[in-house]
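The values are calculated or read from the model by the stated rules, or taken from the named source; none is laboratory data. What you see is a predicted model, and the numbers here were worked out from it, not measured in a lab. Cβ sites come from the backbone with ideal geometry, for glycine too, and all protein chains shown count toward neighbours. Just the protein is used for accessible areas: all its heavy atoms, side chains included, with ligands, DNA and RNA removed. Shrake-Rupley method; radii C 1.70, N 1.55, O 1.52, S 1.80 Å.
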Amino acid sequence: MRTNERSRRGDRRDVATGLLLAGLIVAAWMTIHVTAIFLIDWTVPGRIFAAPFVIAVQCWLSVGLFIVAHDTMHGSMFPQYPAINRAIGRFCVFIYAGFSYEKLHENHHAHHRHAGTADDPDFDTEHSAQFWPWYLKFFQYYFGWREFATLTVAVVLYLVILQERFPTMLIFWALPAILSSVQLFYFGTYRPHRVDDIPFADKHRARSNEFSPLLSLLTCFHFGYHHEHHDAPWVPWWKLPAHRALVTQHEQD
């Protein structure tokens, strides 16, 4: 009984931690989005030099939005309430780039079932070692007519609201979104699943980077610890470094 109680308390702490981190990522993204696009006058001398830093931070937070949604696809964000879990995921991918959560959910689970094969929707058998051809195919597959229509409506609304300030939307929303897609693909798909001279360790056909926890966080919210993710997809992103260390220690023992 005591073990079960400790387990439930641990589960509640994990849910609370995951929700807190997700809330911080979403709040930070929205704060920068609104502030950079609507409130800051970038024509003031000197302020434009801060723009690359803001773009870089917003790119990283955009990656975070997707990783939060990714955890909801595995049910680890709020497992006790699946409807809330899905709602969080839908919201994150919508503000990120108008993506369909259902399409992402279906394809991501197909990716886990058939990683690195012709049945994997995220894998390119024709360009399994080539970054840009694979990325372009990946981008075209996920950015379809639904996403195009959704973003077109958003662009028109921003154009009406912002008028002469419209370019700020392109700089501080569109550009970080595109850059983050490259970042996510490189660290979360291409590096883990590309085919090279080193064979994959097992059926997951996924390898992990050897980055430190800090660099892993900065590059892709620990999504680069990809073999561990495929081996235990229910582990939330923020617990992957500890999980990786535990697995490594177990293998050494």
*Using a probe of 1.4 angstrom, how much of the accessible area of the chain is carbon and sulfur, in percent?*
66 percent
_Can you tell me, using C-alpha contacts under 8 Å and at least 6 residues apart, the relative contact order of the range 65-154 as a whole percent?_
20 percent
*With N set to the residue count of the range 154-197, report its C-alpha Rg divided by 2.2 N^0.38 Å to two decimal places.*
1.74
*For the range 184-253 and the range 57-122, compute the distance between their C-alpha centroids and round to whole Å.*
17 Å
*To the nearest 500 deg cm²/dmol, what mean residue ellipticity at 222 nm is calculated for the chain from DSSP H runs of n ≥ 4 alone, each contributing -39,500 (n - 2.57), summed and divided by the residues?*
-20000 deg cm²/dmol
_Heavy-atom accessible area per residue - the chain, 1.4 Å, Å²_ = 55 Å²
*How many times 2.2 N^0.38 Å is the alpha carbon radius of gyration of the range 108-192?*
1.34
_Average projected area [Cα convex hull, the range 186-253], square nanometres_ = 4.6 nm²
_Along principal axes, Cα extents of the range 61-172, largest first, whole Å_ = 48, 41, 23
*Could you list the GluC sites (Glu not before Pro) in the range 139-223 that lie in coil according to DSSP, counting only those with at most 10 other Cβ atoms within 10 Å of their Cβ?*
GLU210
*Is the shape of the range 1-127 best called rounded, prolate or oblate, per the rule: a/c under 1.5 gives rounded, else a/b larger than b/c gives prolate, else oblate, with a ≥ b ≥ c the square roots of the Cα gyration tensor eigenvalues?*
oblate
*asked:* I'd like the accessible area for ILE95: 1.4 Å probe, protein heavy atoms, all chains in place, Å² to the nearest 10.
replied: 20 Å²
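Quick check: convex hull over the Cα atoms of the range 22-88, volume per residue in Å³, rounded to an integer?
Convex hull of Cα atoms, per residue: 70 Å³.
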*When the convex hull of its Cα atoms is projected in every direction, mean area for the range 128-253 (nm²)*: 10.1 nm²
*asked:* Considering all projection directions equally, how large on average is the shadow of the alpha-carbon convex hull of the chain, in square nanometres?
replied: 16.2 nm²
*Run through every distinct alpha carbon pair of the range 180-219 and return the Kirkwood hydrodynamic radius in angstroms, one decimal place.*
11.1 Å
